[in-house]
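The values are calculated or read from the model by the stated rules, or taken from the named source; none is laboratory data. Everything numeric here is computed off the predicted structure, so don't read it as measured data. We place every Cβ from the backbone using ideal geometry, glycine too, and count neighbours over all the protein chains shown. All accessible areas refer to the heavy atoms of the entire protein, side chains included, with ligands and DNA or RNA removed. Shrake-Rupley method; radii C 1.70, N 1.55, O 1.52, S 1.80 Å.
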Amino acid sequence: GPGGRRSKMLGGMYTEVSGRRLAFASGSYNPEKDELLQIRRYIVAHPHEAEAVLNDKKFKKTYKVIEGDKNKILPAEFKEAAKDFPLLFHKQFYCWAEYEAEEALRDDLVDFAIENWKAAKPLIDFLKEATKK
């Protein structure tokens with residue numbers, strides 16, 4: 001990521017290469033309490049932009065959905081909006097793509113990783129905009 005391996009700064013790509021799988025992920029895995037509030041408020045204020053991320057062709061093809069743990073109970077300010085936009089229940093906002101381990105042997109692995117990052121870019125940009133200070 002932009003701030004190094006342990007940084008929580010948005011814009012990076014988690015990459016896992018193991019004997020079990022090749023995986024790519026990006027987004028916000030564990031946002032701080034204030035960041036989570038910012039993201040949720042941004043979703044409420046910009047529902048069409050959130051929908052655009054979810055419906056982006058490359059994002060849907062590569063990642064399908066926004067992943068993450070969810071709250072069972074939301075703060076009162078989000079309860080009504082969550083009826084139309086269940087994404088508000090999320091307390092994590094990340095995308096995850098997993099491939100067979102053999103994919104790590106591709107001749108074009110770097111390009112493949114870049115394509116996965118590009119597919120995650122709409123989510124990255126949305127979260128960056130949501131958490132601007």
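Here are some notes:
- Any hit, region 32-48, residues being outside any loop (DSSP other than H, G, I, E, B) and among the aromatic types (F, W, Y): yes
- Against the conditions (1) open to solvent by 30 Å² or more (accessible area, probe 1.4 Å); (2) touching a Phe, Trp or Tyr at 6+ places or on another chain (Cβ under 7 Å); (3) modelled with pLDDT under 95, R21 satisfies every one except (3).
- Residues in region 71-83 include none that are under 13 Å from the mean Cα position of the chain (by Cα) and surrounded by 14 or more Cβ atoms within 10 Å (Cβ to Cβ).
- Residue count for region 70-103, restricted to those that are more than 26 Å from G19 (Cα to Cα) and either part of a loop (DSSP other than H, G, I, E, B) or among the aromatic types (F, W, Y) (or both): 13
- Residue list for region 83-126, restricted to those being closer than 14 Å to G27 by Cβ and among the hydrophobic types (A, V, I, L, M, F, W, C): L87, F93, C95, W96, A97, W117, A119, A120, L123, I124, F126
- Extreme residue, surrounded by the fewest Cβ atoms within 10 Å (Cβ to Cβ), among residues of region 3-18 that are under 17 Å from the mean Cα position of the chain (by Cα) and modelled with pLDDT of 80 or more: E16
- Filter result for L37 (within 19 Å of F126 (Cβ to Cβ), crowded, with 18+ Cβ neighbours inside 10 Å and aliphatic (A, V, I, L, M)): no
- Residue ID - least open to solvent (accessible area, probe 1.4 Å), chosen from residues in region 109-133 that are in contact with a helix residue (DSSP H, G or I) (Cβ under 9 Å, 6 or more places away or on another chain) and over 30 Å from A45 (Cα atoms): F112
- Contacts under 8 angstrom Cβ, first residue in region 29-40 being over 27 Å from T15 (Cβ atoms) and touching a residue at least 12 places away in the same chain (Cβ under 8 Å), partner in a helix (DSSP H, G or I) and open to solvent by less than 90 Å² (accessible area, probe 1.4 Å), 6 or more apart: R40/F78; R40/L88
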